[in-house]
Structures are given as C-alpha cells and as structure tokens.
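Working notes, structure below.
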Amino acid sequence: MGRLFKEHDKRQVVSIGGFWRFIEDAEGKGESEEWFKNFPENTEKMFVPSCWNLSLGKFEYFGIAWYQREIDITSKNSLLEFEGALSYAKVWLDGEYLGDHYGGYTSFAFKLTNMEIGIHTLTVMVDNSADDTTLPSDVADWYRYGGIIRDVKLHNLGNTYISSMHISHELSENNDSARVFVKGNISSLIGERQENITLNFDGKEIAKKTITLGDENAVEFEFSAENINLWDIGAPNLYTVKIATSDDDLADRIGFRRIETKENKIFLNGKSVFLKGVNRHEDHPEFGNAFPVSLMQKDLDIIRNLGCNTIRGSHYPNSKEFLDLLDENGILFWSEIPMWGEQSVETLEKPILLSRALYMHTEMVNQYFNHPSIVIWGMHNEIETKEQIAVDITEKIYKLLKSLDSSRLITYATDRAEKDICLKYCDFISINKYFGWYGGGTDAWKGFFDELKVWFKKQGVEEKAVIMSEFGGAALYGNHTFDNIKWSEEYQANLLSESIDAFIESGMVCGTYVWHFADARTIRPVTDRARGFNNKGILNEYRKPKASYFAVQEKYQKL
Ligand code: GCB
C-alpha cells in the first residue's frame, strides 16, 4: 500500500513486497560471514510486509534476521524506499553496502544512480533486539515485533528527483484565507541543468520557476489561498499541493487549521475544544504492527462511533495510511516516538538515548509535517520527570520540536505530575494516572487534582491546559460479575465512567484519552499481563466491545 491518494503522475512506483528469502541469525554471524554476498542456502520465505513473530514457530524470536530478493531495475536512476523496518536495518545491493536506519516506525530510502538495467540482488538485515537505551526499550509495554513491517518500493526516476515537500501556512485573522509556504527539495541526477518547476494548488497551476538544478536544491514558493474552507473535526477539507519538474512530481494534501492553547484551554480554529480520545496501539493479533488498511478504516469507524474526536498514537509513529485516513475523516492525532519510561537516571544520562530521541523526532516531524490531522507532538512517555536529567532532555526535545514546527502543540505524558519538574517545557500538561487500578480508588481523583493545583502553581504552570493522557483499568472480555470486582467488564466500565465524571467535575481537565482502545499484545510477563495482553482495552484485541465501550460512549456523546 502507501498513501491513499496519488502522490505521483509522472513517476512510476512499484511495490517490491511479496515473499522474500528469510533466515534468522541468532548468533549474529551474518555480517562477518558476508551473507550480503553469499546468502545462506537453507532459507525460508517471509512475506513483506509482515512481522516475523506471527509466522509459526517465530513468536519469541527477537534478534537479527536477514531478507533477500531479486529486484528488477528498469531505469538508470531510482529510489529504493522502505516504509518501516523494526527496529534497525542495514541494506546491501549486489553485495555493496547502501546504508542503515535506526527506528522502526518511519521510512527511509536510498538513491540508486547510474544503475545497470536488469536484475539486482537486494539484501536486508533487520534487528529487533533491545536494551535500556533502545527506543523502544526492552521493557516497553507492547510487543516487540520484528521485520519489514511496511511496504518496500522502487521508484523509477528520470533526470530529476523531488525528494520532499514541506507545506506550511498562516491563516488570516478571520480564517477565510491563508499565506501558503511550499519548500521542495529537488535534485538533478545528470549534473547541472535548467528546469521549469511548476506549482499546482487545488488542481490548478499557479506558479512556475526556472532554476538551475544541481545535486540538492531547495525550491520555495509562497502564495495566497483565498476563500478557503477550514479543516476541522468532522470537516476534513483537504487541498492538494503539487510540485513538478519535466519528469518528476510530488503531491500532498493539506488542511487549513489552527491549534492553540491559552488560559487553561485548547482551541481549534478559534473555538475551545474538549479532546475526547483513546490511546491506540497499531497492533492486531494476526498482523502485529503490519496493520492492514481495511482494518484501519474499521478501527476509525469504531472510534468515531464511540464519540471521539482524537486519537493518541501510543507509542510510536503510525503508518502513513492511517494518517491519511485521519486527514480524510477529520480526526485529531497525537503522534509520538517510542520513548517510553522506566529508564533509570543512569540510563537517561547516556548520550545515545537523547541523540536517538532527537533523531527520531526530526524524522517523524519531517515525514509527517503536512498531515492536518496531527495537532500534537508527544515528546516522551513516563520518563523520570522528577529528576534534573529529564529537565535537560525535555528542554532539548522541546526546543528542537519548536524549531522544526511552531504550528503544533507539544506535550509529554507524565505519570508523576504532582512532583514533575519538567512542566515548563510543554504547551499543555498531559497526565497518566490509574486510580481505580494501580493504587487508590476513583474517589482519589478529587484530592489528586487539589494537590496538582498547588504543585502547578509552585512550578509557575497554573495557566497551562491539562488533559488526562491515560487512565483506565483491565477487564477480560466476557468476564461478567454482579459484584464490582477487578478484571470484570463491569468494574472497568464503572472505573472509566467515574473517572470521566471526576475529570469534568474538577473543572481542570480539557481532554481525556482512555487507556486504551483495544487489548494489545505485550512483551511484559504473563504474571503481570494476563494472556500476554495489556487488557485495558475497551474492546478486545479482535475489536469486540466490552461493557466499558458503551460506558465511555455514553459519556463522550454527552460532552
Ligand atoms: C502506562 C503506559 C502504557 C501502559 C499502561 C498500563 O502508563 O504509558 O504504555 O501500557 O500504563 O497499562 O500500565
């Protein structure tokens, strides 16, 4: 798959998914034995895209695996694109090293120039092992699938190549027009040459520039869009922007909208909005993170039916198809990198952790910048924000994100808000708290909010908007009881209803993301997570509703 609209008219793109040769490398000897030159004979087949753990016998295989296939290169210049490989990948073509990529949920590509037309051999090493400095770490509460989880594509290029397009806008005061800024990255693949670059907006050519193209050129356009319709919740007005050279083109879709926060509230297009949300893992028991588009649409329908206007993509960048669907359906999205807590202070102090985080944020923002549905960047989740090292990390990430994108809100999810010393470095405060499940009953909410008011004042952040980014409890699907006991559907439904009531009553909360949408497989031990799943879903892993789905629906539909 790929984007849900046509990105290219001139450029031909072919998927090279399907069955690839596959072999596990538990001892990690493939590189020293140069498997990229001599691939072992005794291989299996693995479908791309998929998570290898869901093939029979590989459920608990974590580590290195190798993929290989022949590819038919039909043009002298091309681009080899991987939409996602979990979590670290190295790539060779005909035994020659092309490069590597860290981070399993974003795409990466290699430019192939002056190639011989014909059959070539592509070899990929994928490593999903983890430790305390990887993102995600080895204890994160979701399943650590491995594999080439998203499509692989070969783009045929001609003499020019448009590698990216960044589109930003500034709305007029009354929201009926906008200044639009388009930045394209374009290169000539055959040495310096003159090119006409055209800009199309909403189906019409509106500008043209003649440029001498070299290896890498930034080409900028600026124009006014008049009489526009805003992109809003449930009003997904999208506009297509396209840049083109004589033999390449790139289109994307934008929406005009403004997200802001002031005086303890969040505003979308000038109107105060209550965020009614769920956290969602892009995971399904049969497909893992290689999530099919048909099921994405079903998830979205279920989420809309719940009365939601937003989803948190916990805890990693979601696939491009899902973001396209959100753009098309007018649903707000919180996108984050898999920087998930429980690291010790010593680990947080290791420079590699921060450098990985900064790199992954940069990639996420650059790749997802144009999506109107994304209104929030999430910096990290439940790190040790009572300690100075977390202040340093948060400040650096916050400043980086602001420099890359000043148009969206930035936050992080804290599970220690009442002692958190990083709160200065976020646009609004997001709290994970599980009264009714981990420690304390739902009657503890009131005292908690009183405590927060005092702490926030002390930290000088009392004007910031506050949302509940996680709350909930587990229920086993089909486990019913007359008594209000843990793990029953009734207990979970009551917990969520009482919590949402307490949030509204507090007068402090302007958004709620239930933890979580559907039961999701986890790496945590079964002694801690029954069935090997995080069972706090309001649906089970096959998307069958628990009683809590209807309890939340009742609350959300009234809000
Ligand atoms: C959290 C984490 C989330 C976990 C959840 C839980 O605070 O952010 O990833 O899965 O709690 O169920 O404990």
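The values are calculated or read from the model by the stated rules, or taken from the named source; none is laboratory data. Note that this is a predicted model, so its numbers are computed, not measured. Here the Cβ is made from the backbone with ideal geometry for all residues, glycine too, and neighbour counts use every protein chain on show.
Scanning segment 133-171 for residues that are of a type in the set (S, T, N, Q) and touching a strand residue (DSSP E or B) at 6+ places or on another chain (Cβ under 7 Å) yields SER137, ASN156, ASN159, THR160, SER163, SER164, SER168. For segment 297-318, the set of residues classified as away from the ligand (no atom under 16 Å from the Cβ) and under 16 Å from GLY277 (Cα atoms) consists of ASP299, LEU300, ASP301, ILE302, ILE303, ARG304, ASN305, LEU306, GLY307, CYS308, ASN309, THR310, listed by residue number.
Could you tell me which of the residues GLU451, GLU463 is part of a helix (DSSP H, G or I), closer than 26 Å to ILE376 by Cβ and either charged (D, E, K, R) or over 24 Å from the mean Cα position of the chain (by Cα) (or both)?
GLU451
State all residues of segment 447-494 that are crowded, with 20+ Cβ neighbours inside 10 Å, within 14 Å of the ligand (Cβ to nearest atom) and free of Cβ contacts under 8 Å to residues at least 60 places away in the same chain; if no residue qualifies, say none. Selection gives MET468, PHE471, GLN492. Of all residues in segment 514-539 being among the polar types (S, T, N, Q) and buried (at least 16 other Cβ atoms within 10 Å of the Cβ), which is nearest to ASN128 (Cα to Cα)? The selected residue is THR522.
Okay, residues lined up against (1) farther than 27 Å from GLU363 by Cβ; (2) surrounded by 18 or more Cβ atoms within 10 Å (Cβ to Cβ); (3) within 13 Å of the ligand (Cβ to nearest atom):
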position: LEU404; (1), (2), (3): no, no, no
position: ALA413; (1), (2), (3): no, yes, yes
position: ALA417; (1), (2), (3): yes, yes, yes
position: ILE431; (1), (2), (3): yes, yes, yes
position: TYR438; (1), (2), (3): yes, no, yes
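Yes/no per residue for (1) at pLDDT 95 or above; (2) outside any loop (DSSP other than H, G, I, E, B); (3) over 14 Å from the mean Cα position of the chain (by Cα):
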{"residue": "SER355", "(1), (2), (3)": "yes, yes, yes"}
{"residue": "THR362", "(1), (2), (3)": "yes, yes, no"}
{"residue": "ASN370", "(1), (2), (3)": "yes, no, no"}
{"residue": "VAL375", "(1), (2), (3)": "yes, yes, no"}
{"residue": "GLY378", "(1), (2), (3)": "yes, yes, no"}
{"residue": "ILE383", "(1), (2), (3)": "yes, no, yes"}
{"residue": "VAL391", "(1), (2), (3)": "yes, yes, yes"}
{"residue": "LYS396", "(1), (2), (3)": "yes, yes, yes"}
{"residue": "ALA413", "(1), (2), (3)": "yes, yes, yes"}
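Would you confirm, using the coordinates I've provided, whether LEU250 is of a type in the set (A, V, I, L, M) and over 28 Å from the mean Cα position of the chain (by Cα)? So LEU250 does not fit the description; no. Residues that are within 27 Å of THR310 (Cα to Cα) and without any contact (Cβ under 8 Å) to a residue 40 or more places away in the chain were ranked within segment 387-398; the one that is farthest from the ligand (Cβ to nearest atom) is GLU395. When segment 31-76 is limited to residues that are of a type in the set (Asp, Glu) and touching a residue at least 12 places away in the same chain (Cβ under 8 Å), the one that is surrounded by the most Cβ atoms within 10 Å (Cβ to Cβ) turns out to be GLU44. Go through segment 261-313 and report how many residues are over 29 Å from GLU83 (Cβ atoms) and among the aromatic types (Phe, Trp, Tyr). Final tally of qualifying residues: 2.
Mind counting the residues in segment 495-508 that are within 16 Å of the ligand (Cβ to nearest atom) and either aliphatic (A, V, I, L, M) or at pLDDT below 95 (or both)? Steps first, please.
Step one: of segment 495-508, the residues within 16 Å of the ligand (Cβ to nearest atom) are 495-496, 499.
Remaining after also requiring either aliphatic (A, V, I, L, M) or at pLDDT below 95 (or both): 495-496.
Count: 2.
Scanning segment 372-386 for any residue that is surrounded by fewer than 20 Cβ atoms within 10 Å (Cβ to Cβ), away from the ligand (no atom under 16 Å from the Cβ) and of a type outside the set (A, V, I, L, M) turns up nothing.
For beta carbons closer than 6 Å, sequence separation of 6+ or different chains, a first residue in segment 529-546 that is outside any loop (DSSP other than H, G, I, E, B) and a second that is within 15 Å of the ligand (Cβ to nearest atom) and at pLDDT below 95, the qualifying pairs are GLY532/VAL526. Evaluate the following for GLY511: is it crowded, with 16+ Cβ neighbours inside 10 Å and within 15 Å of the ligand (Cβ to nearest atom)? So GLY511 does not fit the description; no.
Mind listing just one residue for me: the one in segment 187-205 that is of a type outside the set (A, V, I, L, M, F, W, C) and not in a strand (DSSP E or B) and, of those, nearest to the chain's Cα centre (by Cα)?
Among those residues, the one meeting the criterion is ASP202.
One residue stands out among those in segment 100-147 that are of a type in the set (Asp, Glu) and within 16 Å of the ligand (Cβ to nearest atom): the one that is farthest from GLU27 (Cα to Cα), which is ASP141. Which residues, taken from segment 319-366, are within 16 Å of the ligand (Cβ to nearest atom) and either hydroxyl-bearing (Ser, Thr, Tyr) or free of Cβ contacts under 8 Å to residues at least 24 places away in the same chain (or both)? Hit for segment 319-366 is SER335, nothing else.
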